[in-house]
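S.K.: Below are the structure tokens for one structure; questions will follow.
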Amino acid sequence: MTISWGRRLIASVLSAFVVALVAHAAMIGFFFIGALGASTPPSGALIVAVSNYFALTSVFALVLLLIAGVIGAFDRWWTALIAGVVVGVLAPSVGTLITATSGGSPFSGALIGAVFGTLLGINLLYALVIAALTPTFGRWLFRVVEGTRSRFATDRKIALVRIPASNLADGLVTHIDRESVNTELADQQWDAYVAALSNAGWQTVEVASADQLADSVFVEDTAVIFGDTAVITLPGAESRRPETAGTEAALRAQGLRIERIEAPGTLEGGDVLKVGSTVYVGRGGRTNAEGIRQLRELLAPLDYTVVAVPVTKALHLKTAVTALPDGTVIGYEPLVDTTSVFERFLPVPEAHGTAVVVLSDDTVLMSSSAPQSIALVEDLGYKVVPVDISEFEKLEGCVTCLSVRIR
């Protein structure tokens with residue numbers, strides 16, 4: 001289900017209310033504990049007095065946090081932090097100012113100065129609590145209610161797949177000679193690929209079929225996932241651009257927040273290799289410099305580092321290299337422009353042995369067309385799940401191309 005403004009509003013109201021309530025209760029608790037050492041034991045009157053003092057402040061904090069949530073401040077931790085600091089300053093300042101003027105104090109520069117002075121005194125602790133709670137517990141609660149966090153708080157693993165189009169044999173071929181594709185066999189191989197993902201504990205979700213888009217089975221090229229953010233690509237091949245709409249709908253249904261690459265930038269998912277917090281992006285025939293620039297800008301707030309890699313000998317970067325669960329990059333050297341950019345590089349003996357789908361920390365999926373490469377990976381201590389995708393390899397496809405993984 002697509003995240004609606006209604007759900008965002010509910011998430012904003014609930015997170016704002018809880019953060020303001022916790023901050024309010026914290027003030028009562030701090031003053032109560034502080035009074036324990038006094039000569040006069042704390043009483044209910046103290047609790048009422050402290051609660052009354054911070055009542056208006058907490059109301060303003062609730063309203064300001066609600067507004068912050070609606071306009072998207074909770075979408076990123078750093079914007080939530082900014083919102084928390086701003087609310088932590090404004091709410092007690094405005095609350096104290098209104099309380100003072102309603103009590104008979106004349107509005108003046110001296111009063112304003114005194115009010116802001118409370119931020120270094122009685123209101124300082126309130127401001128710090130709001131500033132700390134908003135980007136942590138408040139943002140977490142917001143994302144749970146909105147639906148963008150719960151799917152990443154567990155070990156749930158989702159793989160988006162797309163059934164082959166009836167005109168699969170007409171798919172684009174760039175770096176290899178065209179061969180005849182057996183579409184019936186391709187359908188069987190696709191079923192086996194999906195079954196392999198399911199057997200490995202992945203929930204497979206089908207993107208709506210696109211029967212007239214020959215390359216649509218290679219769904220990986222239409223989106224790249226970074227935690228709870230999905231970047232919808234703009235394929236370099238114009239005939240593939242209509243494929244992205246179906247993928248976007250499926251990703252929205254999973255509760256992911258959507259970003260996108262805009263023209264004149266182009267980017268295809270097959271050119272994006274994630275290794276920890278480093279994102280290698282192939283600059284080749286399908287992904288251009290502007291697409292890489294836009295991805296770098298989108299990922300900077302998410303603490304990823306984008307490294308551009310030249311790709312001239314293969315369709316995509318991940319045609320030439322992928323990475324094992326430990327971060328070691330593997331590749332077929334005749335297809336790799338440069339290996340020095342990778343921290344750890346291990347050559348494999350076959351062109352079809354370059355691609356691995358990481359199923360878990362110790363298990364990968366590979367093409368059965370590369371038995372020597374499978375043996376090499378197994379010798380490194382990994383369990384390999386082999387699948388036959390020969391008909392898709394005739395169209396420059398590999399095991400990574402056939403799914404978009406959400407983890």
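The values are calculated or read from the model by the stated rules, or taken from the named source; none is laboratory data. Remember, it's a predicted structure, so these values are computed and weren't measured experimentally. With ideal geometry, Cβ positions are generated from the backbone for all residues, glycine too; neighbour counts draw on all protein chains shown. The protein model used for the area step is the full one, side chains on, heavy atoms only, and it has no ligands, DNA or RNA in it. Shrake-Rupley method; radii C 1.70, N 1.55, O 1.52, S 1.80 Å.
S.K.: What are the residues whose amide H is under 5 Å from the amide H of residue 203, where those residues sit 5 or more places off or on another chain and H is modelled from the backbone?
M.R.: The answer is 157, 158, 159.
S.K.: If you bin every alpha carbon distance in the stretch 335-407 into 5 Å steps from zero, what whole percent lands in each bin?
M.R.: All Cα pairs, binned at 5 Å, distribute as 3, 16, 25, 24, 21, 11, 1 percent.
S.K.: Related question: What relative contact order, as a whole-number percentage, does the stretch 256-407 give when Cα pairs under 8 Å and 6 or more residues apart are counted?
M.R.: On the way: 286 pairs, mean separation 24.4, N = 152.
Over the stretch 256-407, the number comes to 16 percent.
S.K.: Then there is this: I need two numbers for the stretch 161-259: Rg to one decimal and Dmax as a whole number, Cα atoms only, in Å.
M.R.: Computed over the Cα atoms of the stretch 161-259, radius of gyration and Dmax are 14.1, 40 Å.
S.K.: Determine the share of the chain's accessible area contributed by carbon and sulfur atoms, expressed in whole percent, with a 1.4 angstrom probe.
M.R.: Details: 10740 of 17510 Å².
Roughly 61 percent of what the probe reaches on the chain is carbon or sulfur.
S.K.: For the stretch 291-341, what is the relative contact order in percent, using Cα pairs closer than 8 Å and at least 6 residues apart in sequence? Please report the intermediate quantities before stating the final value.
M.R.: Numbers: 39 pairs, mean separation 14.9, N = 51.
About 29 percent, as a whole number.
S.K.: Now for a separate question. Give me the accessible area per residue for the stretch 85-140, probe 1.4 Å, as a whole number in Å². Present the calculation step by step, with values, prior to reporting the outcome.
M.R.: On the way: 2720 Å² over 56 residues.
It amounts to 49 Å² per residue over the stretch 85-140.
S.K.: Using a Cα-Cα cut-off of under 19 Å, which lysines could be cross-linked to residue 383, ignoring same-chain neighbours fewer than 8 residues away?
M.R.: List returned: 157.
S.K.: Please list, by residue number, every one of the trypsin sites (Lys or Arg not before Pro) in the stretch 165-264 that is coil in DSSP and has at most 15 other beta-carbon atoms within 10 Å. Before the final figure, lay out the partial values.
M.R.: Values: sites: 178, 240, 252, 257, 260; in loops: 178.
In loop regions of the stretch 165-264 (DSSP not H, G, I, E or B), the sparsely surrounded trypsin sites (Lys or Arg not before Pro) are 178.
S.K.: Moving on. Based on DSSP H runs of at least 4 residues, each adding -39500 (n - 2.57), what is the mean residue ellipticity at 222 nm of the chain after dividing by all its residues, to the nearest 500 deg cm²/dmol?
M.R.: Dividing the helical sum by the residues of the chain leaves -13000 deg cm²/dmol.
S.K.: Long-range amide H contacts for residue 278: which residues qualify at under 5 Å (H placed 1.01 Å from N, peptide plane, sequence gap of 5 or more or a different chain)?
M.R.: It is 305, by chain and number.
S.K.: Given +1 on the Cβ of Lys and Arg, -1 on the Cβ of Asp and Glu, and no further charges, what dipole in debye does the stretch 292-368 carry about its Cα centre, rounded to the nearest 20?
M.R.: On the way: 5 positive and 9 negative charges, 65 e Å.
So the dipole magnitude of the stretch 292-368 works out to roughly 320 debye.
S.K.: Any idea which of 113, 302, 356 is furthest toward the positive side of the dipole for the chain, if Lys and Arg beta-carbons carry +1 and Asp and Glu beta-carbons -1?
M.R.: 113
S.K.: When ranked by the protection proxy of mean other Cβ atoms within 10 Å per residue, highest first, what sequence do the peptides 309-315, 372-378 form?
M.R.: On the way: 309-315: 20.1, 372-378: 17.4.
So the peptides 309-315, 372-378, ranked by packing, come out 309-315, 372-378.
S.K.: Moving to a separate point now. So what is the accessible area of the stretch 295-407 per residue, in Å², with the probe set to 1.4 Å? Kindly include the intermediate steps, with their values, before the conclusion.
M.R.: On the way: 4400 Å² over 113 residues.
Accessible area per residue, the stretch 295-407: 39 Å².
S.K.: Give me the Kirkwood hydrodynamic radius of the chain in Å, from all C-alpha pairs, to one decimal place?
M.R.: On the way: mean 1/r = 0.0415 Å⁻¹.
Its Kirkwood hydrodynamic radius stands at 24.1 Å.
S.K.: While we're looking at this one, here's another question. What list of ³J(HN,Hα) values in whole Hz, one per residue of the stretch 355-371 in order, does the Karplus curve 6.51 cos²θ - 1.76 cosθ + 1.60 (θ = phi - 60°) give from phi, with Gly and Pro shown as x?
M.R.: 9, 10, 9, 6, 8, 7, 5, 10, 9, 10, 10, 9, 6, 5, 6, 10, x
S.K.: Can I ask one more? Among 340, 376, 329, whose Cα sits farthest toward the positive end of the charge dipole of the stretch 279-399 (+1 at Cβ of Lys/Arg, -1 at Cβ of Asp/Glu, about the Cα centre)?
M.R.: The listed residue farthest towards the positive side: 340.
S.K.: Pairs of Cα atoms under 8 Å, at least six residues apart: use those to get the relative contact order of the stretch 123-272, whole percent. Show your work: numbers first, answer last.
M.R.: Details: 202 pairs, mean separation 35.8, N = 150.
Relative CO of the stretch 123-272 lands at 24 percent.
S.K.: How many times 2.2 N^0.38 Å is the alpha carbon radius of gyration of the stretch 249-312?
M.R.: Relative to the rule-of-thumb radius for its length, the stretch 249-312 sits at 1.12.
S.K.: Over the stretch 159-286, give the accessible area per residue in Å² for a 1.4 Å probe, as an integer.
M.R.: Values: 4880 Å² over 128 residues.
The answer is 38 Å² per residue.
S.K.: Right, something else. Need the list of lysines near residue 313 for cross-linking: C-alpha distance under 18 angstrom, and skip anything on the same chain fewer than eight residues off.
M.R.: 394
S.K.: Shape of the stretch 201-358 from its Cα gyration tensor (a ≥ b ≥ c, root eigenvalues): rounded if a/c is under 1.5, otherwise prolate when a/b > b/c, or oblate? Walk me through the numbers before you get to the answer.
M.R.: On the way: a/c = 1.45, a/b = 1.38, b/c = 1.05.
Here the stretch 201-358 falls in the rounded category.
S.K.: Any idea what diffusion coefficient the stretch 265-358 gets from Stokes-Einstein, in µm²/s, Kirkwood Rh on alpha carbon pairs, 10 °C, 1.306 mPa s? Don't skip to the answer; put the middle values down first.
M.R.: Details: Rh = 13.1 Å.
In µm²/s, the coefficient rounds to 121.
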